[in-house]
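Undergrad: I have a structure I would like to understand better, so I am pasting it below and will then ask my questions one at a time.
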Amino acid sequence: MARYTGPVCRMCRAEQKKLMLKGERCRSDKCAINRKRAAPGKDPKERTVKPSDYRIQLREKQKLRRIYGMLEKQFHLFFERALRMSGITGENLFVFLERRLDNVVYRMHFAASRSQARQLVLHGHLRVNGKLVDVPSYLVRPGDEVTVKESSKSLTVIKNALREFGKSGVLPWLELDPDAMKGKFLSSPRRSDITDLADIKEQMIVEFYSK
């Protein structure tokens, strides 16, 4: 499976936003964004030029794609799927992204980052409705139960990640039993529920792909 293997902190600096790609490190003082460095390839003394509409739209697309840890081809396929659905395309896109199994595993605090969640899924540590699912892009449906495999409940990475549940809980469309290491996907979220990504302008992404 193709995936990005380069430095992820570079992505955050390029977008000038915390994309939460390294879990706990992103919440600490070690985060690259806290160092106030210029974006990669940009001269800090360079004259500020008003960005074009295309550049703004591209940056919004790149930002969202990188947050969910997807390559361009797969992200575009998700957009095309959202476009074919009835309703608002940008909101449909968010629903599809939030239903990805690797994202649900991350949102349930079984992993400290989406990339770590992707690894756990690929290595067969998770079950959906009692069955092995090792495809990170698998779309979880309302009512589905996601559990940590019995032999994987002793993994330190999962135990450490679950500490976050005590601090922030889970989002309204999820349910979690941290002791049993199992959770339920209650319903597809509304765009307004995804508050941690409220600054993403999904309409810009729709306009980008509409050109």
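The values are calculated or read from the model by the stated rules, or taken from the named source; none is laboratory data. Just so we're clear, the structure is a prediction, and the values are computed from it rather than from any experiment. Neighbour counts are summed over all protein chains in view; Cβ atoms, including those assigned to glycine, are modelled from backbone coordinates with ideal geometry.
Undergrad: So if I check each of 149, 201, which one is outside the structural domain of residue 123 (by TED's automatic domain parsing) and either basic (Lys, Arg) or more than 15 Å from residue 95 (Cα to Cα) (or both)? So that I can check it myself, show each step before the final result.
TA: Values: 149 fails: outside the structural domain of residue 123 (by TED's automatic domain parsing).
Just one listed residue meets the conditions, 201.
Undergrad: I've got another one for you. Examine the stretch 148-171 for a residue that is modelled with pLDDT of 95 or more and part of a strand (DSSP E or B), and state whether such a residue exists.
TA: Yes: the stretch 148-171 contains one or more residues that are modelled with pLDDT of 95 or more and part of a strand (DSSP E or B).
Undergrad: Go through the residues of the stretch 38-46 one by one and say whether even a single one is small (Gly, Ala, Ser), surrounded by 16 or more Cβ atoms within 10 Å (Cβ to Cβ) and either modelled with pLDDT of 65 or more or not assigned by TED's automatic domain parsing to the domain that holds residue 137 (or both). Before you say what the answer is, go through the steps one by one.
TA: As a first pass, look at the stretch 38-46 and keep what is small (Gly, Ala, Ser): 38-39, 41.
When the remaining residues are screened for being surrounded by 16 or more Cβ atoms within 10 Å (Cβ to Cβ), the result is none.
No.
Residues checked against (1) in contact with a Ser or Thr (Cβ under 7 Å, 6 or more places away or on another chain); (2) of a type in the set (Gly, Ala, Ser):
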| site | (1), (2) |
| --- | --- |
| 66 | no, no |
| 71 | no, no |
| 75 | no, no |
| 82 | yes, yes |
| 87 | no, yes |
| 93 | no, no |
| 98 | no, no |
| 105 | no, no |
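Let's see how each residue does on (1) within 17 Å of the chain's Cα centre (by Cα); (2) surrounded by 15 or more Cβ atoms within 10 Å (Cβ to Cβ):
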site: 121; (1), (2): yes, yes
site: 124; (1), (2): no, no
site: 135; (1), (2): yes, no
site: 152; (1), (2): no, yes
site: 197; (1), (2): yes, yes
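Undergrad: In addition: Tell me, please, whether a residue that is farther than 22 Å from residue 87 by Cα, part of a loop (DSSP other than H, G, I, E, B) and out of contact with any His (no Cβ under 7 Å at 6 or more places or on another chain) can be found in the stretch 181-194.
TA: Applying the first criterion (farther than 22 Å from residue 87 by Cα) to the stretch 181-194 yields 181-184.
Then drop every residue that is not part of a loop (DSSP other than H, G, I, E, B), which leaves 181.
After this cut, where a residue has to be out of contact with any His (no Cβ under 7 Å at 6 or more places or on another chain) as well, the list is 181.
Scanning the stretch 181-194 turns up at least one residue that is farther than 22 Å from residue 87 by Cα, part of a loop (DSSP other than H, G, I, E, B) and out of contact with any His (no Cβ under 7 Å at 6 or more places or on another chain).
Undergrad: Restricted to the stretch 61-95, and to residues that are in a helix (DSSP H, G or I), free of Cβ contacts under 8 Å to residues at least 60 places away in the same chain and in contact with a Leu (Cβ under 7 Å, 6 or more places away or on another chain), which residue is farthest from residue 162 (Cα to Cα)?
TA: Ranking the qualifying residues of the stretch 61-95, first place goes to 82.
Undergrad: In addition: Here are some conditions: (1) of a type outside the set (Lys, Arg); (2) surrounded by 14 or more Cβ atoms within 10 Å (Cβ to Cβ); (3) within 24 Å of residue 70 (Cβ to Cβ). Residue 147 meets all but one. Which one does it not meet?
TA: With respect to (1) of a type outside the set (Lys, Arg); (2) surrounded by 14 or more Cβ atoms within 10 Å (Cβ to Cβ); (3) within 24 Å of residue 70 (Cβ to Cβ), residue 147 is out only on (3).
Undergrad: When the stretch 195-206 is examined, which residues are found to be within 17 Å of residue 78 (Cβ to Cβ) and in a helix (DSSP H, G or I)?
TA: 197, 202, 203, 204, 205, 206
Undergrad: Based on this model, can you work out whether residue 90 counts as in contact with an Asp or Glu (Cβ under 8 Å, 6 or more places away or on another chain) and closer than 19 Å to residue 189 by Cα?
TA: yes
Undergrad: Considering only residues that are within 16 Å of residue 135 (Cα to Cα), among the hydroxyl-bearing types (Ser, Thr, Tyr) and in contact (Cβ under 8 Å) with a residue 40 or more places away in the chain, which ones fall in the stretch 96-115?
TA: Residue satisfying the conditions is 115 alone.
Undergrad: OK, next. Got a number for residues in the stretch 96-121 being in a helix (DSSP H, G or I) and on the phi > 0 side of the Ramachandran plot? Walk me through how you get there before you give the answer.
TA: If we filter the stretch 96-121 for residues that are in a helix (DSSP H, G or I), which is where we start, we get 96-99, 101-107, 114-121.
The next check asks that each one be on the phi > 0 side of the Ramachandran plot; those that pass are none.
Selection size over the stretch 96-121: 0.
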